[in-house]
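The values are calculated or read from the model by the stated rules, or taken from the named source; none is laboratory data. Quick caveat: nothing in here was measured; it's all calculated off a predicted structure. In this analysis, Cβ positions are derived from the backbone assuming ideal geometry, glycine residues included, and neighbour counts consider all displayed protein chains. Ligands, DNA and RNA are excluded from the accessible area calculation, which covers all protein heavy atoms including side chains. Shrake-Rupley method; radii C 1.70, N 1.55, O 1.52, S 1.80 Å.
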Amino acid sequence: MSWVVGARARAAWSATCQALPIGTQITGRVIGRQRFGVFLSIDQHPDAVGLAEITAMPRCATLPHVGVQVSGEVVWHADHNHQVKIKFTEWIQHEDLLPQFADRIGQIAIGHVTKLAPIGAFVRLAHCIEGLVPLAELSDEPIEDSVQAVREGQEIPVRICGVDLERRRITLSASWAPFDLP
């Protein structure tokens with residue numbers, strides 16, 4: 001079946017590019033999922049194959065499941081594989097809050113522990129914004145007992161120590177005692 005879709009996409013490629021120039025708003029249905037993104041059938045263009053790649057996806061978003069109706073914008077034409085690259089509307093409208101935290105280094109923030117890992121605790125500070133409290137920061141107890149100092153879902157105060165915009169990471173420091181709050 002996929003070779004039939006591929007053959008139709010190749011045969012119609014020139015017409016597809018003309019009908020769906022960059023910037024065109026589209027709707028369609030997810031027809032396949034891969035680790036790198038999702039494939040779409042584009043409404044009113046049965047010979048076009050759309051691809052929304054995870055490289056355009058906000059870090060906290062998830063890929064839609066097969067059968068889900070989606071909307072987006074044409075951002076590129078991949079001539080080598082006859083695919084129309086799509087960026088979903090929800091990804092376009094997503095506000096990146098990370099740069100705001102770069103201005104808050106040294107400040108105390110309240111967050112929720114989302115995950116405990118061997119390297120420390122991940123703490124959500126805002127929608128799509130999580131930072132890491134390194135293991136050694138979790139308590140004054142020996143390292144093997146440190147992870148037990150907090151639990152998932154717990155609200156904790158943390159100090160913002162660093163923001164790496166390029167690697168999209170926030171480093172946090174534990175600030176447990178209520179008297180540490182300003």
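Taken over the range 152-182, residues that are at pLDDT 90 or above and either open to solvent by less than 20 Å² (accessible area, probe 1.4 Å) or not hydroxyl-bearing (Ser, Thr, Tyr) (or both) amount to 15.
What is the residue count in the range 107-137 for residues that are assigned to a helix (DSSP H, G or I) and either at pLDDT 90 or above or among the hydrophobic types (A, V, I, L, M, F, W, C) (or both)? The total comes to 2.
Would you check if Ile129 is among the β-branched types (Val, Ile, Thr) and open to solvent by 20 Å² or more (accessible area, probe 1.4 Å)? So Ile129 fails the test. Taking Glu90, is it within 21 Å of the chain's Cα centre (by Cα), in a helix (DSSP H, G or I) and more than 30 Å from Cys161 (Cα to Cα)? Criteria met by Glu90. The single condition among (1) under 27 Å from Val150 (Cα atoms); (2) aliphatic (A, V, I, L, M); (3) open to solvent by less than 50 Å² (accessible area, probe 1.4 Å); (4) in contact with a strand residue (DSSP E or B) (Cβ under 8 Å, 6 or more places away or on another chain) that Ile119 does not satisfy is (3).
Give the residue that is farthest from the chain's Cα centre (by Cα), with candidates limited to residues of the range 32-65 that are open to solvent by 90 Å² or more (accessible area, probe 1.4 Å) and of a type in the set (Val, Ile, Thr). Please lay out each step first, then the result.
Going through the range 32-65, the residues open to solvent by 90 Å² or more (accessible area, probe 1.4 Å) turn out to be 33-35, 44, 46, 55, 59, 62, 65.
Narrowing the set further to residues that are of a type in the set (Val, Ile, Thr) leaves 55, 62.
On the way: Thr55: 9, Thr62: 7 Å.
Top of the filtered list is Thr55.
Look at (1) under 30 Å from Leu51 (Cβ atoms); (2) free of Cβ contacts under 8 Å to residues at least 60 places away in the same chain; (3) not small (Gly, Ala, Ser); (4) not in a strand (DSSP E or B) and you find that Arg104 fails only one, number (1). In this entry, Gly72 passes the filter for residues that are at pLDDT 95 or above, touching a helix residue (DSSP H, G or I) at 6+ places or on another chain (Cβ under 7 Å), surrounded by 15 or more Cβ atoms within 10 Å (Cβ to Cβ) and not in a helix (DSSP H, G or I). I'd like to check something: does the range 80-96 contain any residue that is over 29 Å from Ser14 (Cβ atoms), crowded, with 19+ Cβ neighbours inside 10 Å and among the β-branched types (Val, Ile, Thr)? There is no residue in the range 80-96 that is over 29 Å from Ser14 (Cβ atoms), crowded, with 19+ Cβ neighbours inside 10 Å and among the β-branched types (Val, Ile, Thr).
Does Ile160 satisfy the condition of being touching a Lys or Arg at 6+ places or on another chain (Cβ under 6 Å) and in contact (Cβ under 8 Å) with a residue 60 or more places away in the chain? Write out each step before concluding.
Values: touching a Lys or Arg at 6+ places or on another chain (Cβ under 6 Å): yes; in contact (Cβ under 8 Å) with a residue 60 or more places away in the chain: no.
No, not satisfied.
A quick yes/no check of all residues on (1) farther than 25 Å from Ile129 by Cβ; (2) free of Cβ contacts under 8 Å to residues at least 60 places away in the same chain; (3) of a type in the set (S, T, N, Q); (4) assigned to a strand (DSSP E or B):
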site	(1), (2), (3), (4)
Ala15	yes, yes, no, no
Val38	no, yes, no, yes
Asp47	yes, yes, no, yes
Gly50	yes, yes, no, yes
Thr62	no, yes, yes, no
Val66	yes, yes, no, no
Trp76	yes, yes, no, yes
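Counting only residues that are closer than 11 Å to Ile86 by Cα and open to solvent by less than 50 Å² (accessible area, probe 1.4 Å), the range 1-31 holds 5 of them.
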